[in-house]
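This report concerns only the one structure given below.
None of the figures in this text is laboratory data; all of them are computed from the coordinates on show. Because the structure is predicted, anything quoted here is derived from the model rather than measured. Cβ placement follows ideal geometry from the backbone for every residue including glycine, while neighbour counts extend to all protein chains displayed.
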Amino acid sequence: MSIVAVLRLHGNLILFEEAFDVDHGVEATFEDFHYVSDREGNTRYVFFWWCSGDDLDAFDAALGADDSVAERYVVAEIGEKALYHVRTRSFPPEQPLVFPLFRELDVTTIKASRDADGLHLRARCPGRDSLSAFRRSARDICDYVDVERLYVERGLETGRQTLTDRQREALALAHEHGYFETPSRTTLEDLSEDFGVTPQTLSRHIRDGVEKLVEDAITDDI
């Protein structure tokens, strides 16, 4: 039984505080990140962000002046979105940071984004102990860890069909944003931007996921 937590971390996050200190109306959605440590344990982090918003030029200047950033450049631009490659300066091993906690505590990031209000996370934890440990460790790093929502993922252990990770994530995103409500609070196009795929691909994930859930619900055990 996994627990999915929707969290907001803010205040003294160390990474990119200066870049997001002023609200330029920009949201950075994390596409990927990794880190490399040297023999002394010093660590550099590399992030790939999809950035969109009101004033990307001002945000780019603020990002370049951020003390935690060693290098940044735009990899690609699609419409009004820019894919950034961001490399941080080296941090000593005694410097606690949020992102290593994911691997240490076996927490899976479903979605992560950053804006002037903080770091927004939707993360899957193996259980309550893992979630509690993550919250405690995160509070030692930043000023606030707000839990905005929690829900439980129950596996279909006795079902004929099981959801893929992408189907489960697509259904969770659609549910969270009110896609299944009447009237719907969002559109397939808006959801597909958050999910990082085309509307057609997201529609297929949702349709196939719903079909599997219905089939499991109405099929009797043999």
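The table for this structure:
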| read-out | value |
| --- | --- |
| Estimated inter-spin distance, D32 and S137, nm [label 7 Å along Cα→Cβ] | 2.3 |
| FRET efficiency, S90 to D54 (Cβ-Cβ, R0 25 Å, nearest 0.05) | 0.20 |
| Relative contact order of segment 2-152, pairs being alpha-carbon contacts under 8 Å that are 6 or more residues apart, as % | 38 |
| Percentage relative contact order, segment 157-218, counting C-alpha pairs under 8 Å, at least six apart | 45 |
| Sum of -39500 (n - 2.57) over DSSP H runs of 4+, divided by residues of the chain (222 nm, nearest 500) | -9000 deg cm²/dmol |
| Where labels lie 7 Å past Cα in the beta-carbon direction, separation of D165 and E211 in nm | 2.3 |
| Charge dipole (the chain, unit charges on Cβ, about Cα centre) - positive-most of F102, T186, F33 | F102 |
| Rounded if a/c under 1.5, otherwise prolate or oblate - segment 1-58, Cα gyration tensor axes | oblate |
| Dipole in debye (nearest 20) - segment 89-145, about Cα centre, beta carbon charges: Lys, Arg +1; Asp, Glu -1 | 220 |
| Cα-centre dipole for the chain with unit charges at Cβ (Lys and Arg positive, Asp and Glu negative), debye to 20 | 760 |
| Computed FRET value (nearest 0.05) for R39 with D67, which takes r as the C-beta separation and R₀ as 22 Å | 0.35 |
